[in-house]
1. How many percent of the alpha carbon pairs in the chain exceed a separation of 16 Å?
2. Residue-wise, which Karplus ³J(HN,Hα) couplings in Hz belong to the range 64-79, taking 6.51 cos²θ - 1.76 cosθ + 1.60, θ = phi - 60°, and x for glycine or proline?
3. What number, in percent, do you get for the relative contact order of the range 1-105 if the mean sequence gap of Cα pairs under 8 Å and at least 6 apart is divided by its residue count?
4. Given points 7 Å out from each Cα along the Cα-Cβ axis, report the E13 to Q110 separation in nanometres with one decimal.
5. Under a crude label model (7 Å from the Cα following the beta-carbon direction), how far is D22 from I5 in nanometres?
6. Can you give the charge dipole size of the chain about its Cα centre, rounded to the nearest 20 debye, using +1 on the beta carbon of Lys and Arg and -1 on the beta carbon of Asp and Glu?
7. Enumerate by residue number the GluC sites (Glu not before Pro) in the range 3-40 meeting two conditions: DSSP loop (anything except H, G, I, E, B), and at most 14 other Cβ atoms within 10 Å of the site's Cβ.
Amino acid sequence: MTDTIFGKILCGEIPADFVYEDEHAVAFADIDPKAPVHLLVIPREPLPSLKDAVQEDCALLGHLLHVCKVVAEEAGLDEGGYRVVTNIGEDGGQSVAHLHFHVLGGRTMQWPPG
Ligand code: DGP
């Protein structure tokens, strides 16, 4: 559990202010924000990436997406809109091997992403 930065955040070894937490998930600000609002939503369970998810993880994945919606709403992003992203593996740009959803907002996003 503690072998990634997010595992260390979950066990309190690395500090982070949780803007949301429940039994299954927590959310906190990204240390290197790419937008005026940039939150990370992560499961307490150490699932490395979306590609590692199995059928039994469906409820957890749905819950994480719902948490993305809740924290976006709480951050005031509802009206203008926002983006939810999960990077997967090397080509996807994933740098922390603990599943996480980026919630980005507060500016107009570009498409396609780089
Ligand atoms: P990704 O590249 O998709 O794996 O995103 C990992 C994100 O994690 C990246 O945007 C920066 C963020 N991050 C890395 N280390 C820390 C940390 O110690 N604290 C916080 N709050 N965020 C971190």
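Throughout, read-outs are computed from the coordinates displayed, never taken from laboratory work. Bear in mind that the values here come from a model prediction, so they are computed numbers and not experimental data. A quick note on method: Cβ atoms are made from the backbone with ideal geometry, for glycine too, and the neighbour counts reach across all protein chains shown.
1. On the way: 3768 of 6441 pairs.
Everything past 16 Å amounts to 59 percent.
2. Along the range 64-79, the couplings run 4, 5, 5, 4, 4, 4, 5, 6, 5, 4, 5, 7, x, 8, 4, 5 Hz.
3. Working: 155 pairs, mean separation 32.8, N = 105.
Relative contact order here is 31 percent.
4. If labels sit at E13 and Q110, their model points lie 3.7 nm apart.
5. The two pseudo-label positions are separated by 2.6 nm.
6. On the way: 7 positive and 18 negative charges, 72 e Å.
Charge dipole of the chain: 340 debye, to the nearest 20.
7. Working: sites: E13, E21, E23; in loops: E13, E23.
Answer by residue number: E13, E23.
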